[in-house]
Amino acid sequence: MEAKINAFMDLVKQRNHHEPEFLQAVQEVAETVIPYIVKNDIYHGKNILLRMVEPERLISFRVSWVDDTGEIQVNRGYRVQMNSAIGPYKGGLRFHPTVNASILKFLAFEQVFKNSLTTLPMGGGKGGSDFDPKGKSDNEIMRFCHAFMSELFRHIGHNTDVPAGDIGVGGREIGFMFGMYKKLKNSFTGVLTGKGASWGGSLIRPEATGYGDVYFAENMLQTKGDSFKGKTVVVSGSGNVAQYATEKATQLGAKVVTLSDSSGYILDKDGIDADKLAYVMDLKNVKRGRISEYVNKYPNAVFFGNAF
Amino acid sequence: MQFFLVTLSDSSGYILDKDGIDADKLAYVMDLKNVKRGRISEYVNKYPNAVFFKGEKPWVVACDVALPCATQNELNGEHAKQLVENGCICVAEGANMPSTPEAIYEFQKAQILFAPGKASNAGGVATSGLEMSQNSLRLSWTREEVDEKLKQIMKDIHESCVAYGKNEDGTVDYIKGANIAGFVKVADAMLAQGIV
């Protein structure tokens, strides 16, 4: 079995040797799925996994836009359309300086399996840009999102590919991109998800990843006759997922004691209750501040890391 | 043979200076730490060839449940060992691939509950799917309706993982379960559609 997995990975490495995150994601799947394929005749000898690791399409494009000082900026945009066997490509857009083909292929590959697991008819994809939203004005964000969509629009559609948000892409960015798509196509369709509640969005969408994570963990704990009640919980991150995971875990009777961002983490031994979480949501979603500021507001908490 | 001192650290993290921290630089550090009481991270402002590596992550804090919700590879083997030693019984990934392969190895060795992101964070995209359904139907479900559907989907995903991930000893390998359950549906569709 080991030899079969290694032979498969050698092939994948040959073609993608410069993509460590993608190889890491494929390795994990190969180790568990190849033994299953070998035991099940209908999948055996059809190179099915080899077909699944090759994106159906990988689009890379120039995004040029003008910043607030009048300077022309150039970023790289991507959309990886990984697999459409069970539905239109579906997966988020990430705006972060670390975005490259390897990161997006790993995410798109995982997305195929994840979307299949939801039982809903969605294929897998992922996209984004190496654009860094940190420190940009609202106008710069808008100009970038418009420029990004002015190319992406020709590759997506509500029956073809339906992107969503991810790191660096929230309600604000989805709004700007949706506006440009609608203008170019002259058509109001559900081409993006994560839309605002008044223009086609779904209630609970902002909460869903964090809530879902806690629901899943609760299901796991139940297999041991246990639950979140009275548990101490450590959460990393302080964005959308971390915020709503904290909210749901707290509602289920747990005490969440940490949150973090790239500067470090805060430890609040009293627990991050609803009021404190409301402060964090305002700090991160509106003021776009650093998690270290939490300890100024709640001096019983301690910040570990560096605060520049 | 020549030796260089290349790193210094404090609670905020450590700096790496491949050129070596010579007498002049050391004098700066002494002034920074002993007189100005600054952070070691400021070293890189003065010596831009050096790199600052940021400090700590929350995995050293004792807990029952850990929810990594930041980004890929944020939780490594050392962090995982620390979590297990501190009595953590359940890790459910909210981010995508936050645990390194070494971390997963530690969790599985300790036989604690571990859910990979592709199962435990699927609630986001599932609700995107529900948003698509509502767009097609041109109607909006209430908060309670969507939340109830989300809860049911997460329960179904958990059951799929258990069905495909159960080991002979009765324990559940959620990675195996998620990968195989996800694979089967896509592979069946691909086989049905032929070589396209």
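Residue by residue, here is whether (1) modelled with pLDDT of 95 or more; (2) charged (D, E, K, R); (3) over 21 Å from the mean Cα position of the chain (by Cα) holds:
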{"site": "A:Ser198", "(1), (2), (3)": "no, no, yes"}
{"site": "A:Asp213", "(1), (2), (3)": "yes, yes, no"}
{"site": "A:Gly237", "(1), (2), (3)": "yes, no, no"}
{"site": "A:Thr246", "(1), (2), (3)": "yes, no, no"}
{"site": "A:Lys255", "(1), (2), (3)": "yes, yes, yes"}
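Residue-level check: of (1) more than 10 Å from chain B (Cβ to nearest Cβ); (2) surrounded by 24 or more Cβ atoms within 10 Å (Cβ to Cβ); (3) without any contact (Cβ under 8 Å) to a residue 24 or more places away in the chain, A:Lys105 misses just (3). The set of residues in segment A:219-241 being more than 8 Å from chain B (Cβ to nearest Cβ), in contact with an Asp or Glu (Cβ under 9 Å, 6 or more places away or on another chain) and surrounded by fewer than 24 Cβ atoms within 10 Å (Cβ to Cβ) consists of A:Ser227, A:Gly230.
Take the conditions basic (Lys, Arg) and part of a helix (DSSP H, G or I) and apply them to A:Lys90. Does it pass?
Spelling it out, it is not the case that A:Lys90 is basic (Lys, Arg) and part of a helix (DSSP H, G or I).
Among the numbered conditions (1) out of contact with any strand residue (DSSP E or B) (no Cβ under 7 Å at 6 or more places or on another chain); (2) at the interface with chain A (Cβ under 7 Å from one of its Cβ atoms); (3) assigned to a loop (DSSP other than H, G, I, E, B); (4) at negative phi, the only one that B:Met97 does not meet is (4). Within segment A:86-100, the presence of a residue that is touching a Phe, Trp or Tyr at 6+ places or on another chain (Cβ under 6 Å) and over 27 Å from B:Gly123 (Cα atoms) is excluded. Total residues in segment A:1-18 satisfying the condition of being of a type in the set (Val, Ile, Thr) and not in a helix (DSSP H, G or I): the figure is 0.
Of all the listed residues (B:Ala103, B:Ala119, B:Ala126), the sole one being touching a residue at least 12 places away in the same chain (Cβ under 8 Å), more than 7 Å from every other protein chain (Cβ to nearest Cβ), among the small types (Gly, Ala, Ser) and part of a helix (DSSP H, G or I) is B:Ala103.
Evaluate the following for A:Lys284: is it crowded, with 20+ Cβ neighbours inside 10 Å, in contact with a Phe, Trp or Tyr (Cβ under 8 Å, 6 or more places away or on another chain) and not in a strand (DSSP E or B)? Judged against the criteria, A:Lys284 is not a match. The lone criterion from (1) under 18 Å from A:Ser263 (Cα atoms); (2) touching a Leu at 6+ places or on another chain (Cβ under 9 Å); (3) modelled with pLDDT under 75 left unmet by B:Val6 is number (1).
Scanning segment A:240-280 for residues that are without any contact (Cβ under 8 Å) to a residue 24 or more places away in the chain and part of a loop (DSSP other than H, G, I, E, B) yields A:Ser262, A:Gly271, A:Asp273.
Against the list (1) buried (at least 18 other Cβ atoms within 10 Å of the Cβ); (2) among the hydrophobic types (A, V, I, L, M, F, W, C); (3) under 21 Å from B:Phe114 (Cβ atoms), the condition B:Val162 fails is (1). Scanning segment A:170-189 for residues that are modelled with pLDDT of 95 or more, of a type outside the set (D, E, K, R) and either under 19 Å from A:Ala242 (Cβ atoms) or under 20 Å from the mean Cα position of the chain (by Cα) (or both) turns up A:Ile174, A:Gly175, A:Phe176, A:Met177, A:Phe178.
The values are calculated or read from the model by the stated rules, or taken from the named source; none is laboratory data. Since we're looking at a predicted model, the values are computed, not measured. Note that each Cβ is placed from the backbone with ideal geometry, even for glycine, and that neighbours are counted across all protein chains shown.
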